[in-house]
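The block underneath contains the structure these notes are about, expressed in structure tokens.
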Amino acid sequence: MHIARRFFLVRSAALIATAALPIGPARGWAVTTMTAGDLRIDSVSDGHIEFPPDFAFSTIPESERTDLLRSLGIDPQAVVRSPLNVTLLRQGDRVVLFDVGSGPDFVPTAGKLAEALAAVDVAPEDVTDVVFTHGHPDHLWGLLDDFDEPLFANAALHMGQAEFDYWTDPATMDTIGEERQSFAAGAMRRLTVVGDRITRFEDGAEVLPGIRAVMTPGHTPGHMSFQVGTPESGLFVTGDFVTMLAGFARPDLGTATDHDPELAARTRAATLAQLADQGWTILGYHLPDGGIGRVRREGEAFTFESEV
Ligand SMILES: [Zn+2]
């Protein structure tokens with residue numbers, strides 16, 4: 001297995017045609033690539049989301065917060081920039097995305113996936129399959145483009161049955177809580193547009209050859225993670241069962257973005273233990289440095305060891 005981080009500068013075609021010198025706007029993309037046999041995995045960035053620290057760390061008891069965050073190298077007062085790492089898998093003729101980022105309607109710091117894909121020579125119409133971890137805006141809303149048309153026009157779409165049922169149930173709007181009602185409306189609209197193109201699967205299903213679904217509920221009711229290949233030569237796509245370094249240090253605490261914090265905490269502790277014991281390389285959607293690393297045990301807790 002080989003892992004490398006590369007940096008791309010992307011300029012528009014017009015600029016390249018006219019500029020003899022590297023001038024004008026260019027956007028930088030860091031891409032972490034992992035290869036194992038004929039499997040190639042890139043962590044491509046959809047941008048990031050910003051959270052006030054009081055929200056992001058609200059579930060850590062105040063008496064412990066400062067010491068815990070400082071021990072992780074995090075400034076407890078600083079705005080939290082949560083990265084958005086979309087997993088791109090290429091093997092033979094298959095081009096698979098795990099989640100599709102935020103699209104144009106969520107926050108201005110996100111929705112950059114199409115540009116990031118261009119940096120690794122993938123056009124949206126090249127994508128053969130999209131596999132969803134869950135229905136939150138930063139994972140699902142990139143399904144539609146600026147004109148509300150499906151961006152990945154040729155892709156087969158795959159979502160866990162329980163997750164699909166939750167976001168397409170009209171009652172969710174009333175039960176999700178006021179602060180997340182826009183999540184419910186946004187998911188319903190997108191899933192309605194692509195409805196009959198979505199194949200649903202259950203926990204444990206082989207969604208595509210070599211890709212197995214692992215239900216990791218709590219962050220959302222039907223949240224799924226995915227095993228790709230084997231622990232020795234493969235990857236565990238986490239989705240949001242763990243979303244920040246504090247979740248490794250204190251997996252017993254819920255997070256502010258979990259729908260069911262207690263269930264999410266139980267899922268987090270059990271799944272981190274399995275990943276540490278089985279030695280999986282993971283790709284975390286919101287983890288630093290492209291999100292590729294390993295889970296290590298540290299007493300009762302865990303650490304994320306970046307592999308870049
Ligand atoms: Zn997320």
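The values are calculated or read from the model by the stated rules, or taken from the named source; none is laboratory data. Keep in mind that this is a model prediction, so the values were computed, not measured. So basically every Cβ, Gly included, is an ideal-geometry build from the backbone, and we count neighbours across all protein chains shown. Side chains included, ligands, DNA and RNA excluded: accessible areas come from the protein's heavy atoms. Shrake-Rupley method; radii C 1.70, N 1.55, O 1.52, S 1.80 Å.
Below are the figures for this structure:
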item: Note, ³J(HN,Hα) from phi for the stretch 214-227, Karplus 6.51, -1.76, 1.60, rounded to Hz, x at Gly and Pro; result: 10, 5, 10, x, x, 4, 9, x, x, 4, 10, 10, 9, 8
item: Local electrostatic count, Gln161, Cβ distance below 10 Å [Lys/Arg +1, Asp/Glu -1]; result: -3
item: Within-13-Å neighbourhood charge of Ser306 [Cβ basis; K, R +1; D, E -1]; result: 0
item: Kyte-Doolittle at least -0.5, axis length at least 15 Å by Cα - qualifying DSSP helices, the chain; result: 181-194, 261-278
item: Nearest-10 value in Å² for the accessible area of Thr199, using the 1.4 Å probe; result: 70 Å²
item: By accessible area with a 1.4 Å probe, ligands and nucleic acids excluded, highest first: order of Arg266, Arg90; result: Arg266, Arg90
item: Those chymotrypsin sites (Phe, Trp or Tyr not before Pro) in the stretch 99-199 that DSSP places in a loop and that have at most 12 other beta carbons within 10 Å; result: Phe147
item: Proximal charge balance of Ile3 [Cβ under 15 Å; K/R count +1, D/E count -1]; result: -1
item: Sulfur and carbon atoms: percent of accessible area, the chain [1.4 Å]; result: 52 percent
item: Exposure rank, largest accessible area first [Met1, Met173; 1.4 Å]; result: Met1, Met173
item: Rounded accessible area per residue of the stretch 30-306, 1.4 Å, Å²; result: 40 Å²
item: DSSP bridge orientation in the stretch 30-306 - percent antiparallel, rounded to nearest 5; result: 75 percent
item: The stretch 194-259: GluC sites (Glu not before Pro) falling in loop per DSSP and having at most 13 other Cβ within 10 Å; result: Glu202, Glu232
